[in-house]
Amino acid sequence: MTTVDLRVVNARVVTPGQTLVGGVAADDGEIVAVGSDRSLPDAERTIDAEGNYLVPGFIDPHVHWGLSRYEFEYHEGLAHDFETETRGAVHGGVTTVVNFLLQPDPYVPDMDYFVEAGEENSYIDFAYHAIIHKDPHFEEIDALAEEGVRSFKIFYNWYKHASPELGIEHSDAGRVYRLLDQVADIDGGVVMFHAENEDLAYELRQDLQEEGRNDLQAWTEASPNITEAMQIESIAKLTEFTDSTAYIVHMSTGEGVDICRRYQQQGVDINAETLPAFLAHTNDEDLGVWGKISPPLREQWSVDKLWQGLREGVVDYAGTDHCPHKKPFKEKEQGKYGDMWEAIPGDNNGIEYFLPAMMSEGVNEDRVSMERLVEVCAENNAKRWGLYPRKGALVEGADADMVVVDMEKSAVVDDDFYHTMEPRYSTFHGDELTGLPTHTIVGGEVVVEEGTLRVEKGGREYLPRYDDGVPLE
Ligand SMILES: [Zn+2]
């Protein structure tokens, strides 16, 4: 038998369909064998997993590298974020990201740069979604598909009043119809939605501010569950009308689960993603401005419904909405109790606690099986974004992206926890999470072991999706 590059042995290996006792062998960056330890070939290096789980690296389908262009020039910001944030990703067990492109100008002329920025600076492979918000963006959808970008996010009735500095144009039902209809003709095409009705939220916010409210509950009351429910209902109807595919990002409410289930049962291709914050936190906690995210934290009923939806297959995807910023955001950094209305919304650093939070709150709390969690955080994300079976599963021929997870290892999410840039606050700040990676392997290379980074940045690949209309092999 030939000698391969790497083996991980003595593991509980989570593969599609079964969890087996044994290991995985990798050579030239790919998985070459999965099975009992005795069945694996000899290797240059062997890692003993000590009976821990071996799972496919998590795939984060929702990150915003490049937002730090408000602190840097745009292009410099994208390259910067790839380095700092994917460094955190590998410490946390995430081995692929799909990043949102966002700019006012057309995207296609800058594609070479977007690819180069990632390939030179990332610790992991990456793909792109594009945010469609200006008229010229609508005209380049087919060209973007040719470049391997086949998912398009639209802000349906959002950003009319919020964050004008971002320069994002909101869209009405007419534009949403146009995008869904156009994308319906693209293989693997998906339209992604932030689902919150800002007309209603704007009215409510005025009232709460006039009352002098400055608490986290007020942030939720300014965009109550109905703002999400009414948008999802409308998105589902437009998706049915156009026979297209929709994906609700960061779904936060129990109502959303019920609406998605109802339309899914009618055969409408509407899909839902949620975030660790909505699965672990409620708006009645003492989080102050650190709990300000958009959409807002909900009540325990929604948390329980989201877990139920995740177990049942209504909620099939999880991601982080990681938005890195370099500039110090005083309201959040100076402590928990700043101005609720002025503080920037968002968990700016979720990618590093994604896997630990899902292991801790999901598997270790018996809310979900390890196998289902791996589907939602790896396999399904790979399938939805046209990356399967190269990514998302421990099977022969796949990229050797894998993580050893010790379900008893714990850490507190504090300033020392992170390897991303300067986070200092989040909905998870101060929480103890149990279920952490001990080894992160990317393309057969041990990238992080026991908290130590072993490689230099760069040398990773852009993943065009559905190349020539077929999923990547
Ligand atoms: Zn987002």
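Coordinate-derived values only; no laboratory data. Every value quoted in this text rests on a predicted model; they were computed, and no experiment measured them. Please note: Cβ atoms are built from the backbone with ideal geometry, for glycine as well, and neighbour counts cover all protein chains shown.
Values as computed for the structure displayed
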read-out	value
Computed [θ] at 222 nm, helices only, for the chain once each DSSP H run of length n ≥ 4 contributes -39500 (n - 2.57)	-8500 deg cm²/dmol
Exceeding the 21 Å Cα-Cα cut-off - candidates LYS153/LYS457; LYS153/LYS237; LYS292/LYS336; LYS160/LYS292	LYS153/LYS457
Burial ranking of peptide ranges 117-129, 51-63, 277-289 (average Cβ count within 10 Å, highest at the top)	51-63, 117-129, 277-289
Spin-label model distance (nm) - GLU365 vs THR452, 7 Å beyond Cα toward Cβ	3.5 nm
³J(HN,Hα) computed for each position of segment 382-388 - Karplus, 6.51 cos²θ - 1.76 cosθ + 1.60, integer Hz, glycine/proline x	5, 5, 4, 9, x, 10, 8
Cα centre as origin, Lys/Arg/Asp/Glu Cβ charges: the chain dipole, Debye	700 debye
Within straight-line cross-link reach of LYS134, aspartates and glutamates at Cα separation under 13 Å, skipping those fewer than 8 residues along the same chain	ASP105, GLU169, ASP172
Packing-based ranking, highest mean first, of 359-371, 135-147 given that Cβ atoms within 10 Å are counted	359-371, 135-147
DSSP beta bridges in the chain [antiparallel fraction, %, rounded to 5]	50 percent
³J(HN,Hα), Karplus 6.51/-1.76/1.60, whole Hz, each residue of segment 130-144, x for Gly, Pro	10, 8, 9, 9, 10, 3, x, 4, 4, 6, 10, 4, 5, 5, 5
Label point 7 Å beyond Cα of ALA173 along Cβ direction - residues of segment 242-271 with amide nitrogen under 14 Å	242
Residue (of ALA25, TYR462, SER252) at the positive-pole extreme of the chain, dipole from beta-carbon charges	SER252
Hz values of 3J(HN,Hα) by residue in segment 285-299 - Karplus curve (6.51, -1.76, 1.60), Gly and Pro given as x	7, 7, 9, x, 5, 5, x, 7, 10, 9, x, x, 4, 10, 9
Net dipole in debye of segment 402-464 [+1 Lys, Arg Cβ; -1 Asp, Glu Cβ; about Cα centre; nearest 20]	260 debye
Under-5 Å amide H pairs with VAL4, H placed in peptide plane, nonlocal only	ASP42, ALA43, GLU44
Between segment 441-467 and segment 98-131, the Cα center-to-center distance that results, in Å	17 Å
Net charge of Cβ neighbours under 14 Å - reference THR245; Lys, Arg +1; Asp, Glu -1	-3
Nitroxide proxy distance, nm - points 7 Å out along Cα→Cβ at ASP105 and ASP28	4.0 nm
